[in-house]
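None of the figures in this text is laboratory data; all of them are computed from the coordinates on show. Bear in mind the structure is a predicted one, so any value in this text is a computation, not a measurement. FYI the Cβ positions are ideal-geometry reconstructions off the backbone, even for glycines, and counts take in every protein chain you see.
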Amino acid sequence: MANYLIKRLLYTIPMLIGITLITFAIMHIVPGKPTDFMSDMNARVSADSKIKLARLYGLDKPWYEQYWNWLKRFGKLDFGNSFKDGRPSIKKIAERLPASLLLNILSLTFIFCAAVPIGIYSAVRRNSLFDKAMTVFVFAGFSVPAFWLALLLMILFGLKLGLLPISGLHSLDYSDMGFFSRVLDTSKHLILPVVISAFTGLAGLSRYARSSMLDVLKQDYIKTAYSLGLPENKIIFYYAAKNALLPIITILGLSLPALIGGGFIFETIFAYPGMGRLGYEAVMARDYPVVMAVGSIAALLTLLGNLIADLTYAWADPRIRYRNR
Amino acid sequence: MLKIYWQRIRHNKLAAAGLVIITVLTLAALLSSFVAPYDPVGQNISARLQGPGAAHYLGTDDLGRDVFSRMLYGSRISLSIGIIAVGIAVLIGTAIGIISGYFGGKIDSLLMRLVDIVLCFPTFFLILLVIAFLEPSIYNVMIVIGLTSWPGLARLVRAQVLTIRTREFVQAAELIGTSRLKIFFIHLLPNTISPIIVSATLGVGDAILTESGLSFLGLGVQPPMPSWGQMLTLGKDYIHMAWWLSLFPGLAILATVLGFNLLGEGLRDALDPRIND
C-alpha cells in the first residue's frame, strides 16, 4: 500500500504542473489583457501609463518568468484581487465554496442511494419492464435541459403550490431564526436544486452499476454459487454486488467535475450562492482573477477527488495495490 | 456482420425508438423549408403570443413568429451543431487515441496525462470561458464544444488500440514494411470503429444539450437564427402567459437527446461482443 501511495502521490505532480500551465495559457490566449479593463474604460489613461500598468502586473516580462510568478502565487492560492470589488479572489471563493460543496455532496449522496439499487436490480432482471423503464428514466434525466426542468418545477412548487422557496439558500429572516427553523429553512431551499441535480446526474452511475453488475453475474464464481443452490439474495448482494460496486468508487471521483460544471447554470437559475454562479458572473464581467481562481480551484478539487477515489479503491481492492508494486 | 448488428438494434425496442426519433428529426431538418407553414423569422405583431391552434399548430411567440416553423428550422441548427461538434471531437480523439496506443512509452504517457489534465476542468467552464471571450456565434459554439469533448473518446480508442497492436495481423503488416499511416488507417481505425460510433452518437445528444445551456446564458446561437435552446430561453420570460413557448422546444431537446442516448446505448450493446456472448 505504501508503494502505491507514493506512486499515486508522485503522479499528481505533473498533473498540478499541467493545471497551472493550462490556466496560465488560457489567461494569455484570451483576447484583452487584464490591464485593458482598467485603462480602456478611462479616456485619460495615456499610452505611457498603460505601459506602467503592464509593468506593475509583470506583463512586460518573458512568459517563463510570468509563469514562474504565477506558479509561486498559485502555491499560496493567491489569484489576485477581483476587478469588480478589489477583494482577494480566493476569499470570494472561500465564501461560496461551502454552499457548493453542500449541494454537491447532498446530490451525490442522493445519486448514489438511487443509482446503486437501480443498477443492481436492472442487471439482475435484465430486459425486464423495470430495466427498460429505468433506462428511459435515467436517460430522461440525463437528456433534459436542467434549467428548463428547474424552471418548470419552480413554477409548480414555488408559485402554483407555494410549497417551496425558489431562490437562494436562506430566507430573508434567516438571522432571526432558531437552530431548528434554520435547518428547516435551508433544507426547504435545497430540495429543488438537490433533486434536479440528482435526477440529471443519475444516468452515469446507474448505468455503470448495471453494466458492472452484468459483468460480474457472468463470472464463474457466481455460476458456481447458483449451482450450489445458494439463496439468490445472498448471491446477488453478498457475492456479486460487493465486487460490482468496487469500481464505482472511482466513478464517484470522476463525476466531480460534471457536478461542479453543472453548477454554472444551475446555481444561476436558483440564485444559489455557490461557486458556479460566482464563476459565471466572473466570466460575464471578464473578472479575470476570479475566473482563473474558480477554474483552478475546481480543477484542484477534482484532482483531490480522484486521488481520494483511487486510494480508497486500492485500499478496498488488493489487486490494484499489488499490480502496481 | 452488419446484418447481425441491424437485427440486434431492431430487437432492442429502446434503441429502435431512439432511431425513430432521430430519423424523424433528420427528416424535419432536411425538409423544413418544404414543410414549414410560415417563414421562421417572419414577424406578425398582430398575431403575437397566440396559443396552439389550427392557424399556428404550436402557437406564436412575442413577435408573432410561428413556433412550429421555428422549431423545424431549429432542428437544422441543433443537428448541425451536434454533428459538427462531434466531428471535431472524433477527429482529435481518434488521432490522439491511435497515436497514444500505437506508440506507447513516453508519447503515450504524455498524451494520457494531457487527457487527465483536461478532464480535471469542468468542461462547461472551459466552454463558457472561450465563448465569453470570443463572439458568441453558431460556429464558435460548434468549435468550442468539439475542442473540449474529445478526451473521453481518446481514452477509449487508446484502450482498443492497445489490445489490437499486439495481434498478429498488425505485427505481420509491420514486418513486411507497411507504412505507419497505412497501419493506422487500414488496421487500427476499422478495429476501433465501434467505440467511436457509440461515443459519437452519445456526443451528438450532449452537444445539443450544451448548446441549449449556452443559449440560456445568452452565449449560444444568436437571434434571429432559431435554435431550440434560444427559443427556450426566450420562452422563459413569457412562461406565465405563454407556456407553449418554452414547453415545446424543451420537449424537443429532451426527445432528441434521449433519442441519441437510447440509440447510443443500443449500439453499445449491439457492437460489444462481450455482452452478447
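May I ask for log10 I(q)/I(0) of the protein assembly as shown at q = 0.11 Å⁻¹, from a Debye sum over the Cα atoms as equal point scatterers with solvent left out?
Computed log10 I(q)/I(0) values: -1.23.
Only Cα pairs within less than 10 Å get springs; with that Gaussian network setup on chain B, which residue of B:231, B:241, B:112 has the largest fluctuation?
Maximum among the listed residues: B:241.
Given charges of +1 on the Cβ of Lys and Arg and -1 on the Cβ of Asp and Glu, with all other atoms neutral, how large is the dipole of the protein assembly as shown about its Cα centre, in debye to the nearest 20?
Computed about the Cα centre, the dipole is about 1460 debye.
Quick test of the membrane-span-like rule: which DSSP H helices of chain B reach at least 20 Å along their long axis (C-alpha atoms) with mean Kyte hydropathy at least -0.5?
Qualifying helices: B:13-35, B:67-103, B:105-120, B:151-165, B:193-216, B:244-271.
Hey, rough spin-label estimate for residue A:174 and residue A:129, points 7 angstrom out along Cα→Cβ, what's it come to in nanometres?
Output for this residue pair reads 4.5 nm.
Compute the helix-to-body angle for A:179-217: its Cα long axis versus the longest principal axis of chain A, expressed 0 to 90° and rounded to tens.
So the helix axis and the longest Cα principal axis differ by about 60 degrees.
Pick from A:164, A:202, A:108 the residue whose mean-square fluctuation is largest in a GNM of chain A, springs joining Cα atoms under 10 Å.
Of the options given, A:164 has the highest mean-square fluctuation.
Using a 7 Å offset from the Cα along the Cα-to-Cβ direction at both residue B:251 and residue B:222, what is the distance between the two label points in nm, to one decimal?
Spacing of the two 7 Å Cα→Cβ label points: 3.3 nm.
Past 22 Å, Cα to Cα: identify those pairs from A:160/B:236; A:7/A:218; A:218/A:242, in the order given.
A:7/A:218
If you take every residue apart from residue B:2 with its C-beta less than 15 Å away from the C-beta of residue B:2, what net charge results, scoring Lys and Arg +1 and Asp and Glu -1?
Result for the local shell: +3.
Once every Cα of the stretch B:202-264 carries one equal point scatterer and solvent is ignored, give the base-10 log of I(q)/I(0) from the Debye formula at q = 0.11, 0.21 Å⁻¹, two decimals.
So the normalised log intensities work out to -0.24, -0.78.
For the stretch B:32-104 and the stretch B:115-185, what is the separation of their Cα centres, given in Å?
26
For chain B, modelled as a GNM with alpha-carbon contacts under 10 angstrom, which of B:247, B:214, B:175 fluctuates the most?
Comparing B:247, B:214, B:175 in a Gaussian network model of chain B, the most mobile one is B:175.
Looking only at other chains, what is the average number of their beta-carbon atoms within 10 angstrom of each beta-carbon in B:212-218?
That average works out to 5.
Average partner chain C-beta neighbours within 10 Å, per residue of B:127-135?
Mean number of neighbouring Cβ atoms from other chains: 5.
According to the square roots a ≥ b ≥ c of the eigenvalues of the Cα gyration tensor, what is the shape class of chain A, taking rounded for a/c under 1.5, prolate for a/b larger than b/c otherwise, and oblate for the remainder? Walk me through the intermediate numbers first.
Values: a/c = 2.71, a/b = 1.51, b/c = 1.79.
Oblate, because a/c is 1.5 or more while a/b does not exceed b/c.
Over the Cα atoms of the stretch B:2-276, what is the Rg over Rh ratio if Rh follows Kirkwood?
On the Cα set of the stretch B:2-276, Rg over Rh gives 1.06.
Given a Förster distance of 41 Å, report the FRET efficiency between residue B:57 and residue A:113 from their Cβ-Cβ distance, rounded to the nearest 0.05.
0.45
Taking beta carbons within 10 Å but only from partner chains, what does the mean come to for residues A:133-144?
Rounded to a whole number, the mean comes out at 5.
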